[in-house]
Amino acid sequence: MLGLKRVVEMVLLASVTTTLRAHQSGYGLSRGQLWKQSVACALIASAVADRFDASIKHIVFTAALLKDIGVIVMDRHMRSATVDIKQAMEVANLDLVAAERKVFGIDHAFLGGQIARNWHFSDTLATTIQGHHLTDASDPVETATAMVYLADSMCSLTGINAAMFCGQYTHYDRILMQLCLTETAVNQIMSNFYSQKDSIYGLLAIL
């Protein structure tokens, strides 16, 4: 009745809930905050896919949900390097992934892509997770990656993402153009999400 893809989405949400709900103090995330960010991004990315190319909606949903899986692994190291990371972001005007590269030599997005490959996810899924910040953006960006980047940017611009995760939105306008979306469409997607988010979070809280 639900369809295979919707069931897969529900299983994914259930399977990552416990892991994503833990607090990540190194990143300034309280308990449940990464989970809410991830779920919001997945649902918004899914809505973006509906508007442009629904055939890859399942890939986009999964990649958006798991895009920050590297954060969970890196958090233990972040706790002792938070001051250095914040200094790099504030003084050198770097975004989070650039600051991570400067301090650690690796960023959470790249690590997330490697984790996805170790889990034998598809190359498309792993590449989308790894590239979702568009730090090495080509022109044009792969469609799935562009959708996750846009959804993540929308979460940051509307205050869903924690401060440390809010980037510089360098590619926002050209990704909108690539996906043939207007600001009106973006606002409608966000309005639809906000009208449902409390009930969505409440439903998922039982998982």
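Bear in mind that the values in this text are calculations on the coordinates, not laboratory data. All figures in this text were calculated on a predicted structure; none of them were measured in a lab. When we count neighbours, we look across all protein chains shown, and the Cβ atoms used for this are built from the backbone with ideal geometry, even at glycine.
A straight chain from Arg101 to Ala163 at 0.36 nm per residue would run longer than the Cα-Cα distance by 20.5 nm.
Note on the range 83-187: with charges restricted to the Cβ of Lys and Arg (+1) and Asp and Glu (-1), its dipole about the Cα centre is near 160 debye.
Taking amide H atoms as placed 1.01 Å from N in the peptide plane, the amide H of Leu29 lies under 5 Å from those of Gln24, each 5 or more residues away in sequence or on another chain.
Each label point was placed 7 Å from the Cα along the Cα-to-Cβ direction; for Asn93 and Ala54 their separation is 4.3 nm. Couplings 3J(HN,Hα) for the range 169-185, derived from phi with the Karplus relation 6.51 cos²θ - 1.76 cosθ + 1.60 (θ = phi - 60°), are 6, 4, 9, 4, 5, 6, 6, 4, 5, 4, 8, 6, 10, 9, 4, 4, 5 Hz, where x marks Gly and Pro. Within the set (i) 81, 42, 33; (ii) 49, 38, 34; (iii) 43, 43, 32, the number that Cα extents along the principal axes in Å takes when calculated for this structure is listed as (ii). In terms of distances greater than 27 angstrom between alpha carbons, the cross-link table entries Lys36/Lys86; Lys86/Lys197; Lys57/Lys86; Lys57/Lys197 yield Lys86/Lys197; Lys57/Lys86. In summary, the aspartates and glutamates within cross-link reach of Lys102, defined as a Cα separation below 17 angstrom excluding same-chain residues under 8 places away, comprise Asp75, Asp84, Glu90, Asp136. Given a 10 angstrom Cα cut-off, can you work out which residue in Leu94, Leu34, Leu65 is the most mobile in a GNM of the chain? Comparing Leu94, Leu34, Leu65 in a Gaussian network model of the chain, the most mobile one is Leu94. In plain terms, the residue of Val60, Val148, Val141 with the fewest other Cβ atoms within 10 Å comes first and the most crowded comes last, giving Val141, Val60, Val148. Along the axis of the charge dipole computed for the range 28-204 (Cβ charges of +1 for Lys and Arg, -1 for Asp and Glu, origin at the Cα centre), the listed residues Ala42, Asn187, Met147 are led at the positive end by Ala42.
Evaluated with a Cβ-only charge set (Lys, Arg +1; Asp, Glu -1), the chain carries a dipole of roughly 600 debye about its Cα centre, given to the nearest 20. For the range 28-204, averaging the sequence separation of C-alpha pairs within contact (under 8 Å, six or more residues apart) and dividing by the residue count gives a relative contact order of 26 percent. Taken along the Cα-to-beta-carbon direction at a fixed 7 Å, the label points for Thr182 and Tyr194 span 2.0 nm.
The phi torsions of the range 109-122, fed into the Karplus equation with coefficients 6.51, -1.76 and 1.60 and a -60° offset, translate into couplings of 5, 4, 4, x, x, 5, 4, 4, 5, 5, 7, 6, 6, 4 Hz, rounded to whole numbers, with Gly and Pro shown as x. Loop-resident trypsin sites (Lys or Arg not before Pro) (DSSP state other than H, G, I, E or B) in the range 67-149 with no more than 12 further Cβ atoms inside 10 Å of their Cβ: Arg79. Taking other C-beta atoms within 10 Å as the exposure proxy, His77, His132 rank His77, His132 from fewest upward.
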